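Report on the structure given below.
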Amino acid sequence: MSIKIEDRIKQLKLNLKNRYLLEDIKADILIDILNYQNDFVRGAGEELPYNDGKLVSLYIGIPFCPTRCYYCSFASEVTDYSIIKSYLNLLIEEIKFTGEIAIKNGYRIESLYFGGGTPTILDKIDLELLINTTINAFKINPEKTEITIEAGRPDTITKGKLITINKFNINRISINPQSLNQKTLDIIGRKHSVKDIYNSFYEARLNNISIINSDIIAGLKGEEVRDFKNSLDEIIKLGAENITIHTLSVKRGSELKEVSPYIFRDGEKKVYEMLRYSYDKLKNSGYKPYYIYKQKNQVGGLENIGWCKENVHSIYNIRIIEENQTIIALGAGGIGKKYYPNKSETGFSIKRIANPRNYKIYMDRFDEILEKKNLYF
Ligand code: SF4
């Protein structure tokens with residue numbers, strides 16, 4: 001049996017090389033991802049009773065950040081806390097409304113992701129309200145559900161908020177420095193220091209956060225290969241369990257697109273060298289690649305790869321990319337997907353169910369948003 005699998009993998013590698021002209025290292029990474037998912041991830045599109053179409057992911061969006069990064073194309077705005085509060089009040093309503101429908105129709109939450117934006121921009125009391133409402137509305141058992149809170153900006157992480165997160169038995173957050181070079185942080189529009197990044201890791205560990213996801217971007221303005229290497233080395237030393245290496249992408253809606261729309265055509269060699277370094281460094285440090293995706297207008301047509309220590313992958317990241325599971329997305333910028341396992345009946349397998357990106361439009365069209373949730377879930 002094992003010989004057959006080995007033969008199939010050899011054949012697969014030959015196909016990737018000869019038909020798709022992949023270099024060895026890339027073919028190896030794809031095969032490593034396949035092997036990782038086969039070993040550690042249960043299929044969303046396969047076996048019953050695991051997959052009865054009712055095991056879903058839940059996304060909750062807080063579309064606000066302390067400042068806007070120059071490459072950002074997400075639903076994220078900088079605004080007064082009073083506006084954030086008004087938004088949160090409506091979001092809480094959407095959560096309760098959709099939770100009731102979801103429970104009535106037998107949906108169960110496999111993973112819950114609080115994203116945005118930066119959810120930890122909420123103060124401690126509002127963060128607690130958000131988590132508590134979501135857990136109750138969807139009857140989530142935090143001990144059996146993967147729950148991630150994006151705390152991307154280290155300057156929004158406080159001891160009090162970590163205690164709150166911990167109180168709900170949530171043990172996974174994202175701290176996304178993108179670079180550990182102060183000059184780069186200033187260029188990309190962050191208003192925090194490199195020291196804040198170290199402090200946030202330290203506080204998170206002190207408060208029992210056992211899994212930290214971290215993102216780094218290869219190809220940021222002004223960065224040399226040595227800067228990238230330093231950021232990656234430091235994140236590994238800090239012990240992030242999950243590291244996603246993104247290649248800079250010029251996206252619609254970002255400041256970068258306005259100022260340098262074709263910058264992705266430059267620096268291919270340098271960014272390729274950064275990624276090559278990351279493959280070796282991460283592998284040698286005990287990380288395994290577990291998901292991969294590409295976006296438009298990335299430097300050198302290169303890719304994004306998620307790496308993790310064994311068995312602490314983010315199931316949410318995998319489901320989002322594989323598109324074989326329903327994602328219920330709430331809040332501004334939330335892009336949900338309804339998965340139809342029987343494509344032959346519907347003619348399609350995924351139906352996109354998006355909320356407005358802009359929080360003002362979300363607030364204006366709130367009734368319409370609830371109707372949509374009723375219709376699809
Ligand atoms: S932290 Fe993320 S969501 Fe916020 S501005 Fe930066 S890229 Fe956008």
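So here's what we get for this one:
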quantity	calculated
Residues Leu34 and Arg226, FRET efficiency given R0 of 30 Å [Cβ-Cβ distance, rounded to 0.05]	0.35
Cα shape, segment 141-290, gyration tensor, a/c 1.5 rule	prolate
Rounded to 5, percent antiparallel among DSSP beta bridges of the chain	35
Pairs of lysine residues in segment 32-186 - Cα separation under 19 Å, sequence separation of 8 or more or cross-chain	16
Cα gyration tensor shape of segment 1-137, rounded if a/c is under 1.5, else prolate or oblate by comparing a/b with b/c	oblate
Filtered GluC sites (Glu not before Pro), segment 151-240: DSSP coil and at most 14 other beta carbons within 10 Å	Glu224
Per residue value of the accessible surface for the chain (all protein chains in place, 1.4 Å probe), Å²	47
Over the chain: helical MRE at 222 nm, DSSP H runs n ≥ 4 each giving -39500 (n - 2.57), nearest 500	-13500 deg cm²/dmol
DSSP-loop trypsin sites (Lys or Arg not before Pro) across segment 175-256, with at most 10 other Cβ within 10 angstrom	Arg252
Cα-Cα pairs of segment 235-295 separated by more than 16 Å (percent)	56
Segment 101-206 - percent of accessible surface contributed by carbon and sulfur, probe 1.4 Å	52
Rg over Rh [alpha-carbon atoms, Kirkwood Rh] for the chain	0.95
Long-range tail of P(r) for segment 69-182 (Cα pairs > 25 Å, %)	24
Asn18 versus Phe97: modelled label distance in nm, points set 7 Å from Cα along the beta carbon direction	5.7
For Ile9, solvent-accessible area (1.4 Å; no DNA, RNA or ligand), Å²	40
Dipole in debye (nearest 20) - segment 302-377, about Cα centre, beta carbon charges: Lys, Arg +1; Asp, Glu -1	100
Candidate lysines for bridging to Lys10, where Cα separation is under 17 Å - those fewer than 8 sequence places away on the same chain excluded	Lys26
Length-normalised contact order for segment 155-297 - Cα pairs under 8 Å, 6+ apart - percent	24
Restricting segment 101-142 to trypsin sites (Lys or Arg not before Pro) in coil, as DSSP defines it, with at most 15 other Cβ within 10 Å	Lys139
Isotropically averaged projected area of segment 134-178, using the convex hull of Cα atoms (one quarter of hull area), nm²	3.5
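The values are calculated or read from the model by the stated rules, or taken from the named source; none is laboratory data. What you see is a predicted model; the values in this text were computed from it and never measured. We place every Cβ from the backbone using ideal geometry, glycine too, and count neighbours over all the protein chains shown. Side chains included, ligands, DNA and RNA excluded: accessible areas come from the protein's heavy atoms. Shrake-Rupley method; radii C 1.70, N 1.55, O 1.52, S 1.80 Å.
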